[in-house]
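Just so it is clear, none of the values below were taken in a lab; they were calculated from the coordinates. On a predicted model such as this, the values are computed, not experimentally measured, just so you know. Because the Cβ atoms are built from the backbone with ideal geometry, glycine has one as well, and the counts that use them run over all protein chains shown.
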Amino acid sequence: MSEHVKIFDTTLRDGEQAPGFSMDGGGKLRMARALSDLGVDIIEAGFAVASPGDFEAVQTIAREITGTTICSLARCNTGDIRAAGEAIAAAKDSRVHVFIATSPLHREYKLKMTKDQVIDKAIAGITLALEYTDNVEFSCEDAIRTERDYLKTVVEHAIVAGATTINIPDTVGYTTPEEITDLFHFLTTEVDGAARAVFSAHCHDDLGLAVANSLAAVRGGARQIECALNGIGERAGNCALEEVAMALRTRNDFYGLDTRINTQKINMASKMLASITGNPVARNKAIVGANAFAHESGIHQHGMLANRETYEIMKPEDIGLEADNLVLGKHSGRAALKHRAEKLGFSMSENQLQSVFVDFKTLADKKKEVFDADIEALLLGEAIGAAGPWDIDSLYVSAGSDGNNQPEATIRLSHEDGRKRSMVKCAGGPVNAVLLAINELTGHDLHLDSFSARSVSEGEDAMAEADIRVSKDGESYHGRGTSTDTILATARAYLDVINRIERRAKRTKNKNGKNQQPIAAQH
């Protein structure tokens, strides 16, 4: 068997479709670049037929991302497969991933199909996908709860039809490590033609076993793991990419297998995903949580001072956390900032460096010391996307415990078309006053779904990061803003949402003007 385990990343498909984790096209493209730099073998860029936005995102990623295989998911029906095939057509290395459910529950209650009908549908789907690429993956949805002999039969027909990867998903997170090891051993040794395909595991975390089950599948013969950064995905999530990658690296003595993952890019990619989706990683999250390499217990600290290996099985540097937390200040130059950014896993063009450097100097004038977390916040802010069309020229707020005076916000905005608007607004709280003023100045009426603000660095003058999620006309939007002033960070996050809405409306108007043909309708 191969000594290499392929990493199939589904952050942009299974991960992104989970409630609260949606990304726009620009966010998906930035994450795709980060995933490519990370070294994943396959990027499942989306479900092309789901919407025009999904189709466009997959198509853009296929056109612009190189160095990895770009994949789109499709059910075993004509509309799905043609949309997927057309979306990934520009990719230098492409894959279509087709699936159909095989378990008795799904056959009877969802598909209302017989065993033979499911097989016929699978063969037809694979055959059609092969018109677009010779790299076709086939998945037996709910494979774990499928009769073993029937699963073997379906897989054999899929291989004969031309599928080069066979995925055995634990769709509902039901299996155990011992069970899945045995199943993969059975399939990889008993299926006729097994040597002509790569067997893959896709495990969900409903019982908290996704990573353990994925590694157990590898022990049984799987040579592809389907996973997502930070473990995001439907319900309780997917197998976490960073955890399986570091498990295979750290316990190479046990598994004897490797991946293409550049683990020093893990920290940067994880934080970028958290910023784009507005979902911070839990402090106690394995590998990428803030506490992953922190030690407070006196016994642990004593051992660490004597020898780091007493309580650390990995080095922080292995995932891109630098041991020397270099402190920059207002006298630091562009070269120092660029060097530190590269150490943190970020690469920037000259234009991006100049933009970040201006913000860095502004921040350094306000703070005595600029820490790694501050720099990451600036870099991620640059990565989030384009500025404008609205900008904040000035913002002042007043608030206090005296009930005689309402909190008040005075704000002035400017638009890229030359408009300048200002307003004074009173409300029940300073944040509410700011958001209501921005609504009136920009002409938007948004429903605030959630709002959070947190410190991303240390000290009294710490950088604040605000995340806002709003809804409008049934669409959900996420915005992010940073500043040493929490209220200003919140205002920037809210304006970020409005700018996203206006940029999206402008793109849609431009496309409609070109009379673009709609993609295949969803079935």
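Taking the C-alpha atoms only, the angle from helix 25-38 to the longest principal axis of the chain is near 70 degrees. A crude spin-label estimate for the pair Asn252 and Asp206, with each label 7 Å from Cα along the Cβ direction, gives 3.7 nm. Close amide H partners of Asp449, meaning residues 5 or more places away or on another chain with modelled amide H under 5 Å apart, are Arg469, Val470, Ser471. Each 5 Å bin from zero holds the following percent of Cα-Cα pairs in the stretch 1-99: 2, 15, 27, 26, 17, 8, 3, 1, 0. Compared with the alpha-carbon gap, the fully stretched path from Val358 to Val424 is longer by 20.8 nm at 0.36 nm per residue.
Exposure proxy for Ser455, Ser200: other Cβ atoms within 10 Å of each Cβ, ordered fewest to most, give Ser455, Ser200.
Order the peptides 463-470, 222-229, 204-211, 419-426 from the highest to the lowest mean number of other Cβ atoms within 10 Å of their residues.
Details: 463-470: 24.2, 222-229: 27.1, 204-211: 19.9, 419-426: 14.0.
Packing order, densest peptide first, comes out as 222-229, 463-470, 204-211, 419-426.
Distant-in-sequence amide contacts of Ser139, defined by a placed amide H-H separation under 5 Å and a gap of 5 or more residues or a different chain, comprise Val98, Phe99, Ile100, Asn167.
Summary of packing: across the peptides 478-487, 183-192, 123-132, the per-residue average of other C-beta atoms within 10 Å ranks them, highest first, as 478-487, 123-132, 183-192.
Taking every pair of Cα atoms in the chain, average 1/r, invert it to obtain the Kirkwood radius, and report Rg/Rh to two decimals.
Working: Rg = 24.9 Å, Rh = 24.8 Å.
My calculation puts Rg/Rh at 1.00.
For the chain, what is the calculated [θ] at 222 nm in deg cm²/dmol (nearest 500), taking -39500 (n - 2.57) for each run of four or more DSSP H residues and dividing by its residue count? Walk me through the numbers on the way to the answer.
On the way: 16 runs with 207 residues, N = 523.
Roughly -12500 deg cm²/dmol at 222 nm, from the helical runs in the chain.
Computed from Cα atoms, the angle from the helix 266-277 axis to the main principal axis of the chain rounds to 70 degrees. Amide H contacts of Cys203: Asp170, Glu226, Cys239, each under 5 Å away and 5 or more positions distant or on a separate chain (H built 1.01 Å from N in the peptide plane; Pro and chain starts excluded).
Where q = 0.11, 0.21 Å⁻¹, what log10 of I(q)/I(0) comes from the Debye formula for the stretch 390-510, counting one point per Cα? Here the Debye-derived log intensity ratios amount to -0.38, -1.25.
Measuring r between the beta carbons of Arg148 and Lys112 and using R0 = 22 Å, the FRET efficiency lands at 0.45. Dividing the convex hull volume of the alpha-carbon atoms in the stretch 6-277 by its residue count gives 111 Å³ per residue.
Measure up Lys110/Lys152; Lys285/Lys472; Lys92/Lys121; Lys420/Lys472; Lys92/Lys472; Lys265/Lys509 against 30 Å on the Cα-Cα distance and list the ones that go over.
Values: Lys110/Lys152 21 Å; Lys285/Lys472 32 Å; Lys92/Lys121 28 Å; Lys420/Lys472 25 Å; Lys92/Lys472 37 Å; Lys265/Lys509 37 Å.
Exceeds cut-off: Lys285/Lys472; Lys92/Lys472; Lys265/Lys509.
Ranking of Ser414, Ser450, Ser401 by neighbouring Cβ atoms within 10 Å, starting from the fewest: Ser401, Ser450, Ser414.
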